[in-house]
1. Restricting attention to the range 205-229, which residues are surrounded by 20 or more Cβ atoms within 10 Å (Cβ to Cβ), out of contact with any Ser or Thr (no Cβ under 7 Å at 6 or more places or on another chain) and not in a helix (DSSP H, G or I)?
2. Return the total of residues in the range 55-71 being at pLDDT 85 or above and touching a helix residue (DSSP H, G or I) at 6+ places or on another chain (Cβ under 7 Å).
3. Of the residues 170, 190, which is part of a helix (DSSP H, G or I), of a type in the set (D, E, K, R) and touching a Leu at 6+ places or on another chain (Cβ under 8 Å)?
4. Residue 157 - would you say it is over 14 Å from the mean Cα position of the chain (by Cα) and part of a loop (DSSP other than H, G, I, E, B)?
5. How many of the residues making up the range 125-135 are touching an Asp or Glu at 6+ places or on another chain (Cβ under 8 Å) and not in a loop (DSSP other than H, G, I, E, B)?
6. Please list, ordered by first then second residue, the pairs with beta carbon atoms under 9 Å, 6 or more apart or interchain, first in the range 210-236 and without any contact (Cβ under 8 Å) to a residue 40 or more places away in the chain, second basic (Lys, Arg) and outside any loop (DSSP other than H, G, I, E, B).
7. For the range 39-61, state whether one or more residues are under 25 Å from residue 157 (Cα atoms) and among the small types (Gly, Ala, Ser).
8. Being farther than 17 Å from residue 26 by Cα, part of a helix (DSSP H, G or I) and without any contact (Cβ under 8 Å) to a residue 12 or more places away in the chain is the filter here, so list the residues in the range 95-117 that pass it.
Amino acid sequence: MTSSVPTDAPSRLAEAPFRPEAIIFDMDGTLLDTESLYRRSQRKAARALGRDLPEELHRQFVGVHREVNDLHLQRLWGEDADIAAFNAHADELFEDLWRADLPLRPGARELLDALTKTGLPLGLCTSTRSPLAQEKLEVAGFLDLFASIVTLNDVEQPKPHAEPYLLSARNLGVDPQRCVVVEDSPNGLRAGAGAGMTVLLVPDLLAPTPEMRELAYAVLPDLHAVGAWIAGALST
């Protein structure tokens, strides 16, 4: 489904500050439509423990690695809460869901196929750990499309720090300022912008805040619009 959050005017699609030399994608919520599966799994796991997981708190989890989310849960549920048991149950439920039917964001396959034909190096930068990240990409049929895959295991400072995207650029052999990032979350946006990259924001669960609009080069409605933007950039 196309995002219903406010996005930039179509005229902005033709604008690009440079000809990109690499495109780097976030994974969950950007290429894979998995955030809703996470939400379902975590709510069910919370109920099994007799706990409540407010929608607002779940939204704060988007694009954030687990260690930080665990701290939020501990503060909400108290020191006696078994966060490890919650995570284990949620992970089991989530794995059953995505392995049964891994949903893609609209336009993801078409966009990656088109970019592969351009010869541009593609990178992937995710807060998911290995080997789960690679497993999901393999199920989606995307694993072999990326010249660089950076996961949570590869960095000391994950998103929103710039390190993951700087490592991606280094792996691809491209100046960070010549890279375009495609993201859906505030922390991913902060990481890409902090690395000096041009970030295209395609919102998923979270509507863009004024801060996000300031950091993003453009806020686009879907990956089809991203493809149009990149095609325009490559024609300059």
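1. 208, 216, 218
2. So the answer is 1.
3. Only one candidate passes the filter, namely 190.
4. yes
5. Summing the residues that are touching an Asp or Glu at 6+ places or on another chain (Cβ under 8 Å) and not in a loop (DSSP other than H, G, I, E, B) in the range 125-135 gives 1.
6. 211/190; 212/190; 215/190
7. Within the range 39-61 (the criterion being under 25 Å from residue 157 (Cα atoms) and among the small types (Gly, Ala, Ser)), the answer is no, since none of the residues qualifies.
8. Selection gives 95, 96, 100, 117.
The values are calculated or read from the model by the stated rules, or taken from the named source; none is laboratory data. Owing to the predicted nature of the structure, the values given are computational and were not obtained by experimental measurement. Every residue, glycine as well, gets a Cβ built from its backbone with ideal geometry; the counts of neighbours run over all protein chains shown. Each accessible area value is taken on the protein alone, full model and side chains, heavy atoms only, with ligands, DNA and RNA left out. Shrake-Rupley method; radii C 1.70, N 1.55, O 1.52, S 1.80 Å.
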